[in-house]
Amino acid sequence: MSLEVRPVQPAELVSFIDALSTGFLDRPNVQAVADEVGQHWDLSRTWAAFDDDRICGTFRTWAGRLTVPGCHEIPASAVSGVTVLPTHRRRGVLSRMVRAGHQGARERGEVVSMLFASEYPIYGRFGYGPATTWTSWTLRPRQTSFVPAAPDSGRMSLVAADDAALEICRGIYEAVRVRQPGEIWRRPITWKDDFGLSADVWGSKWKGFVALHLDAAGTPDGFVRYHTEDKWDDRQPANKLFVDDLHALTDEVQLALWRYVASIDWVASVRAERRSPEERLPWLLTNLRATTPDDIGDGLWVKLLDVPAALQARRYERTGSIVLELVDGDGADADDVRIEERIRVVLDASPEGATATPSERSPDLTISSGALGAAFLGGTRLARAVLQRGFDEHRPGALDLADSLLRTREAPWCSSFF
């Protein structure tokens, strides 16, 4: 097999979409999809693996932003569309594409790479770790009421799911995400898709409702986007309502949004996916058993591309100093040679700030880069993340120290998917 990994050209986009959809076991209108995505994809970041003239693997990225502890934003590479044709599995195709994508991201100054893993075992060997957790919550409003609270000084307003509503909701989300570790910037095309305003080339156009919360002055300060599923039991309405997005500038407004969706006629259950395990909802109810979590699992995966810059960008709630050595699997080069590097960094951290510098000093702790990626946002305990690939503690207590430094009081959360 003669394998070449490079960005695709415009004339190759149809072939890229064909390989991509084949990898995901889908059969869309390939030409229509190529015509649509060609308007907004950056082809310099759209990588393909070629076996002679046949595309056998796909990998693409775009520039993103990730909010880290301390509510700072760092530049990130968002990875998506990763496939290998079933005829080319176990031949190093993915390793070559990963290496090319990571090199390109580093050259652009992107500090971390992030993705959502379709299959769990794939990405740990490339230095990614699951850094946030998702939970689905199901609320049965007929079985509970909300705890007493001060009267809402604002009001709810149903609006059309149009460009004007999109801009309002995007403004609210932007204000929320920069103060929520784990949240990411959403592309304009993502917002268009979410509101059902983009071309329906994938056959999954959203159809639903948008409601805004307005404060006493009439200024929007929260929104909920939702759709419903019609259901009747014994000629009685038992509709399901699915919360697609719910964000508020204050806890009080968030309560108002939950009250709103729970009060809609004909709705017997409210299901909210991609929420935080630390969701406040159960504690807003008089009957906690009326809401249950399920489908709990990994959300956003993170890999540190520039380890010193990433560690220095976030804030720490405790004080300590440690020399970390990372064993970093970074794909394979053009000769199919597996790249594994050892990176040493001195981290001096405190609530007042942190420095992280490359070092040749003897390490206190050796871990995989995927374990650090998992613990980077503060929600995954490093002491647990190291168990999959092992660790070497060269100084007694080093793992406990690193675990303590990286943990945060509030869990990170990423509500977005790409």
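The values are calculated or read from the model by the stated rules, or taken from the named source; none is laboratory data. As the structure is a computational prediction, the values presented were derived from the model and not from experiment. Cβ: placed from backbone, ideal geometry, glycine included. Neighbour counts: every protein chain shown. In case anyone asks, the SASA skips ligands and DNA or RNA and just uses the protein heavy atoms, side chains included. Shrake-Rupley method; radii C 1.70, N 1.55, O 1.52, S 1.80 Å.
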Notebook entry, point to check: Pairs, please: C-beta under 7 Å, at least 6 apart or cross-chain, first residue of a type in the set (S, T, Y) and in segment 23-47, second open to solvent by 30 Å² or more (accessible area, probe 1.4 Å)?
Noted result: S44/P7; T46/P7
Notebook entry, point to check: What residue, among those in segment 135-192 that are touching a Pro at 6+ places or on another chain (Cβ under 6 Å) and over 18 Å from G222 (Cβ atoms), is most open to solvent (accessible area, probe 1.4 Å)?
Noted result: P181
Note to self: Give all pairs with beta carbons closer than 6 Å in which a residue from segment 283-300 that is within 10 Å of F146 (Cα to Cα) meets a residue that is surrounded by 12 or more Cβ atoms within 10 Å (Cβ to Cβ) and among the hydrophobic types (A, V, I, L, M, F, W, C); count only pairs at least 6 apart in sequence or on separate chains.
What the structure shows: L284/F146; L284/L255
Item checked: Residues satisfying the stated conditions in segment 306-325, i.e. outside any helix (DSSP H, G or I), within 15 Å of A76 (Cα to Cα) and either among the β-branched types (V, I, T) or open to solvent by 20 Å² or more (accessible area, probe 1.4 Å) (or both) -> D306
Check: For segment 193-212, does any single residue satisfy the condition of being open to solvent by 70 Å² or more (accessible area, probe 1.4 Å), of a type in the set (D, E) and part of a loop (DSSP other than H, G, I, E, B)?
Finding: yes
Next item on the list: Quick one: F59 ticks every box in (1) touching a residue at least 60 places away in the same chain (Cβ under 8 Å); (2) crowded, with 22+ Cβ neighbours inside 10 Å; (3) under 24 Å from R186 (Cα atoms) except a single one, so which number is it?
Entry: (1)
Check: Considering segment 256-301 alone, what residues qualify as being open to solvent by less than 50 Å² (accessible area, probe 1.4 Å), within 19 Å of the chain's Cα centre (by Cα) and under 19 Å from H227 (Cβ atoms)?
Finding: A272, R275
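Restrict the check to segment 33-42 and report whether at least one residue is part of a strand (DSSP E or B) and either within 20 Å of the chain's Cα centre (by Cα) or farther than 30 Å from G373 by Cβ (or both).
Residues of segment 33-42 part of a strand (DSSP E or B): none.
No, the conditions are met nowhere in segment 33-42.
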Notebook entry, point to check: Only one residue in V337, V327, V346 is β-branched (V, I, T) and touching a residue at least 40 places away in the same chain (Cβ under 8 Å), so which one is that?
Noted result: V327
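A quick yes/no check of all residues on (1) part of a helix (DSSP H, G or I); (2) over 19 Å from A272 (Cα atoms); (3) in contact with a Phe, Trp or Tyr (Cβ under 6 Å, 6 or more places away or on another chain); (4) free of Cβ contacts under 8 Å to residues at least 24 places away in the same chain:
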| position | (1), (2), (3), (4) |
| --- | --- |
| Q103 | yes, yes, no, yes |
| E110 | no, yes, no, no |
| G124 | yes, yes, no, no |
| A149 | no, yes, no, no |
| L166 | yes, yes, yes, no |
| A175 | yes, yes, no, no |
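Filter segment 112-132 down to the residues that are of a type in the set (V, I, T) and either touching a Lys or Arg at 6+ places or on another chain (Cβ under 9 Å) or surrounded by fewer than 23 Cβ atoms within 10 Å (Cβ to Cβ) (or both), then identify the one that is nearest to C414 (Cα to Cα). Break it down stepwise before answering.
Keep residues of segment 112-132 that are of a type in the set (V, I, T), which gives 112, 122, 132.
If we keep only those that are either touching a Lys or Arg at 6+ places or on another chain (Cβ under 9 Å) or surrounded by fewer than 23 Cβ atoms within 10 Å (Cβ to Cβ) (or both) too, we end up with 112, 122.
Values: V112: 15, I122: 21 Å.
Going through the qualifying residues, I end up with V112.
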Check: Restricting attention to segment 351-365, which residues are in a strand (DSSP E or B), within 27 Å of the chain's Cα centre (by Cα) and not aliphatic (A, V, I, L, M)?
Finding: G353, T355
Next item on the list: Determine which single condition E341 fails, assuming it passes every other condition in (1) open to solvent by less than 50 Å² (accessible area, probe 1.4 Å); (2) under 30 Å from R6 (Cβ atoms); (3) in a strand (DSSP E or B).
Entry: (1)
Check: If V98 passes every condition in (1) open to solvent by 10 Å² or more (accessible area, probe 1.4 Å); (2) in a helix (DSSP H, G or I); (3) not small (G, A, S) but one, which one does it miss?
Finding: (1)
Check: What are the residues in segment 329-364 that are under 18 Å from R314 (Cβ atoms) and hydrophobic (A, V, I, L, M, F, W, C), if any?
Finding: I343, V345, V346, L347, A349, A354, A356
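Step by step: first the residues of segment 68-93, then only those that are in a strand (DSSP E or B) and hydrophobic (A, V, I, L, M, F, W, C), then the one that is farthest from A374 (Cα to Cα). Which residue is that?
The initial filter retains those residues of segment 68-93 that are in a strand (DSSP E or B), namely 68, 72-84.
Still in the list and also hydrophobic (A, V, I, L, M, F, W, C): 68, 74, 76, 78-79, 82, 84.
Working: V68: 13, I74: 16, A76: 15, A78: 16, V79: 16, V82: 20, V84: 25 Å.
Once the filter is applied, the top-ranked residue is V84.
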Next item on the list: Output the qualifying pairs, or none if there are none: Cβ atoms under 6 angstrom, residues six or more apart or on different chains, first residue in segment 381-406 and free of Cβ contacts under 8 Å to residues at least 24 places away in the same chain and open to solvent by less than 30 Å² (accessible area, probe 1.4 Å), second residue among the charged types (D, E, K, R) and assigned to a helix (DSSP H, G or I).
Entry: A383/D403
Checklist line | segment 366-380, subset open to solvent by less than 40 Å² (accessible area, probe 1.4 Å) and in a loop (DSSP other than H, G, I, E, B), residue nearest to W191 (Cα to Cα) | finding: L377
